[in-house]
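Read the structure below first, then the notes.
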Amino acid sequence: MGIVQCKGVGIHYTVMGRGRNIVLVHGLGANHGFWGPRILLPLARRFRVILVDLRGHGRSAMPQVGYRVRDFAEDLLCLLDHLRVQQADLVGHSFGGVVSLQCAIMAPERVRSLFLADTRVRSLEGLRDFRDVRESEVIVRRLSEVGLVIPEDEREAGLWLLEQFASPGQDRTRRQLEQSEPFIPFATGGHGNRSARRWLELLQKTSLRDEIARFDEPKPERLRGIRQPVMAMGGESALTRQSIAGLVELIPSFESLILPGAGHFFPLTHTEVFLANLFRFLGAVRELRREERLLVRWPVEVAANGHALVSARTVNVSSRGLLLEACHPLELGEAVEVRAPQLSLRGRVVRQDREMAGPGFRFGIELGALLAPDWDWEALLLAGAP
């Protein structure tokens with residue numbers, strides 16, 4: 001358990017177990033406690049499980065602004081850096097799946113696979129009325145039975161419903177729903193009430209509502225570049241079918257499953273089925289070979305024609321080459337020398353990507369002389385530099 005500062009925002013996290021890194025990312029209005037012991041204990045017996053509170057949630061700090069999808073993703077990548085995690089499998093529920101997809105776009109080398117639990121990717125759907133979706137009929141009918149009627153002019157029913165569930169005046173409604181539903185947001189009781197108060201504060205005192213409602217990330221054209229294995233599970237009565245259909249078209253290695261009779265919170269209501277599919281999926285994703293593992297980022301200089309031209313930092317290092325980030329361009333095919341303390345490697349530029357999390361470039365460098373196979377990779381990882 002700890003707090004890591006990510007661009008001045010304190011992000012709370014907890015680590016359980018040992019082994020391959022699995023990051024669990026909760027949805028809006030929840031916190032790391034969403035996953036609960038029935039999910040955590042089986043996972044922690046086999047993996048190193050990393051739990052995070054998204055900014056503004058749980059025990060993480062609540063800045064006034066900074067609630068774009070990429071802000072949440074940058075926090076997650078910052079946490080991986082802090083924990084010196086080379087690569088992780090990301091498991092996201094609802095909005096947590098959107099954050100996980102954005103991480104795979106911004107730093108593909110850090111993400112081994114993605115498992116999405118009832119995740120709506122609104123950038124693939126455009127603006128649509130909640131009531132026009134076939135799967136919403138059951139939800140609307142059940143809500144009306146307890147006196148919750150979505151306003152006609154409400155264009156984002158999900159945030160509206162979360163706000164209603166969190167409101168102190170809805171305690172009776174929450175108790176009514178608890179009698180028939182295995183799980184609802186902000187269940188009555190100590191922890192539920194604290195989470196409800198936290199969610200209302202987040203909506204009322206920050207820019208989250210406006211920034212989330214843009215629905216412009218992850219961008220569909222960037223989703224097309226995801227090459228990691230991705231699995232999406234959805235509840236039969238939930239609203240993710242259109243998102244799944246869009247992801248099928250964009251992501252080559254994509255698998256999906258709809259659970260009959262399940263709703264949005266199926267990881268908690270259908271835990272055994274959820275875990276069985278998660279374990280199966282993770283078991284099919286191969287581990288990286290030792291020489292392919294990511295190193296902690298370290299600064300380098302890239303020189304051409306004997307002159308130092310670009311200050312950069314490594315993003316990925318393998319026995320075949322380097323992936324670098326820099327603020328200045330290099331030409332494809334250009335012969336370069338990569339310099340770091342006690343290290344000089346020659347190669348050429350074989351890849352150039354313009355878009356990054358901020359202004360700058362990414363370059364793939366193919367090495368003329370491969371890194372020695374007997375390098376002490378674990379020592380490099382721990383030292384953070386050659």
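The values are calculated or read from the model by the stated rules, or taken from the named source; none is laboratory data. All figures in this text were calculated on a predicted structure; none of them were measured in a lab. We place every Cβ from the backbone using ideal geometry, glycine too, and count neighbours over all the protein chains shown. Areas reflect the complete protein model, heavy atoms only, side chains present, ligands, DNA and RNA absent. Shrake-Rupley method; radii C 1.70, N 1.55, O 1.52, S 1.80 Å.
Some values worked out for this structure:
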item	result
Pair list, Cβ under 6 Å, 6 or more apart: segment 64-87 residue closer than 17 Å to His26 by Cβ and acidic (Asp, Glu), other residue outside any helix (DSSP H, G or I) and at pLDDT 95 or above	Asp75/Cys6; Asp75/Ile11; Asp75/Arg55
Residue in segment 231-240 that is among the hydroxyl-bearing types (Ser, Thr, Tyr) and at pLDDT below 90 present	yes
Residue within segment 24-32 that is at pLDDT 95 or above, touching a strand residue (DSSP E or B) at 6+ places or on another chain (Cβ under 9 Å) and not in a loop (DSSP other than H, G, I, E, B) present	yes
Pair list, Cβ under 9 Å, 6 or more apart: segment 37-49 residue touching a residue at least 12 places away in the same chain (Cβ under 8 Å) and closer than 10 Å to Arg18 by Cβ, other residue outside any helix (DSSP H, G or I) and open to solvent by 60 Å² or more (accessible area, probe 1.4 Å)	Ala44/Arg18; Phe47/Arg18; Arg48/Arg18
Of all residues making up segment 55-76, the number that are of a type in the set (Lys, Arg), over 16 Å from the mean Cα position of the chain (by Cα) and crowded, with 17+ Cβ neighbours inside 10 Å	0
Subset tally (residues that are of a type in the set (A, V, I, L, M) and buried (at least 17 other Cβ atoms within 10 Å of the Cβ)) for segment 234-257	6
